[in-house]
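The values are calculated or read from the model by the stated rules, or taken from the named source; none is laboratory data. Remember, it's a predicted structure, so these values are computed and weren't measured experimentally. Virtual Cβ from ideal backbone geometry, glycine too; neighbours counted across all protein chains shown. Heads up: the accessible areas ignore ligands, DNA and RNA and are worked out on the full protein's heavy atoms, side chains in. Shrake-Rupley method; radii C 1.70, N 1.55, O 1.52, S 1.80 Å.
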Amino acid sequence: MSFADITTEDKRRVLGEFTEVKAEFASRGWFAGTGGNLSMRIGPYSSERFYFAVTASGKDKTRSTPEDFLFVDQDGKPCEATALKPSAETSLHREIYRLTGAGAIFHIHSVFNNIVSEWFWERRAVPIQGVELIKAFNIWEEDARIDVPILTNYADVPRIVPEITERLDPRVPGLLIRKHGICAWGKDAFEAKKHLEAFEFLFEYVYRWELLNRGKP
Ligand SMILES: CSCCC(=O)C(=O)COP(=O)(O)O
Ligand SMILES: [Zn+2]
């Protein structure tokens, strides 16, 4: 199946859902300074061939316009004639889709995700244990522990890709990039949003817990 076989109705459905999620994240202040990018997969999937809608690069993502998204293929190449440029971080989305077959990937910058990524940089992971919201990742064991990987924030974005390949943990639907932000994903937009919200809650928890424990005897 090629991109041409995807129905207009399907494209409208994806873009409708996409527009809603983007507006919701904008209302939370998750796109400061044009930072952040979102993608949603469309059509059938194989790790060698897939398509997704992605936010256009450099846009003010707090606004809704007819030029907010474009469709690209597994190589990040536009599927239709367009003057829009895909997100500068499309290579991260491509690799996560290739490895996981996810249905949506959301990347946002927040103060809490930036701070914890620096605080735990020497460990290359943020450890989180026993907090209820770990269950949002469908991890139900008693006192579960997860380690959220932290990747190097290379200015040349494609250089981050091999670290995704190496560090992605199938149990943990998110990756931090040092002093940059998080990519969180799920089988569809609903699940990717749930995961992103859970990560942001957990990062704020970790931040506050570390602060509270400074100087504790
Ligand atoms: C001004 S933020 C720097 C780029 C970035 O990290 C980001 O998330 C937005 O890049 P895009 O190309 O997707 O607009
Ligand atoms: Zn970013």
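Observations
- The C-alpha radius of gyration of region 113-217, expressed as a fraction of 2.2 N^0.38 Å, stands at 1.07.
- Sequence-separation-based contact order of region 3-214, relative, with Cα cut under 8 Å and 6+ spacing, percent: 19
- Among P66, P162, P173, the residue with the largest mean-square fluctuation in a Gaussian network model of the chain, with springs joining Cα atoms closer than 10 Å, is P66.
- 5 angstrom amide H check on I42, placed H, neighbours 5+ away: Y51, F52, A53
- Highest average packing first - 44-50, 22-28, Cβ atoms within 10 Å: 22-28, 44-50
- Amide H contacts of A144 (H built 1.01 Å from N, in plane; Pro and chain starts excluded): G130 sit under 5 Å, all sequence-distant by 5 or more or on other chains.
- Which of F199, Y45, W140, positive extreme of dipole for the chain (C-beta unit charges): F199
- Residue ranking by accessible heavy-atom surface, 1.4 Å probe, largest first, among I115, I150 comes out as I115, I150.
- Within region 3-214, the proportion of Cα pairs with more than 32 Å between them is 14 percent.
- Under the span-like rule (Cα at least 18 Å along the axis, Kyte-Doolittle mean at least -0.5), DSSP H helices of the chain: 189-213
- Measuring with a 1.4 angstrom probe and ignoring ligands and nucleic acids, L211 comes out at about 90 Å² accessible.
- For region 118-217, averaging the sequence separation of C-alpha pairs within contact (under 8 Å, six or more residues apart) and dividing by the residue count gives a relative contact order of 23 percent.
- For D188, nonlocal amide neighbours, meaning residues 5 or more places apart or on other chains whose placed amide H falls under 5 Å from its own, are G103, A104.
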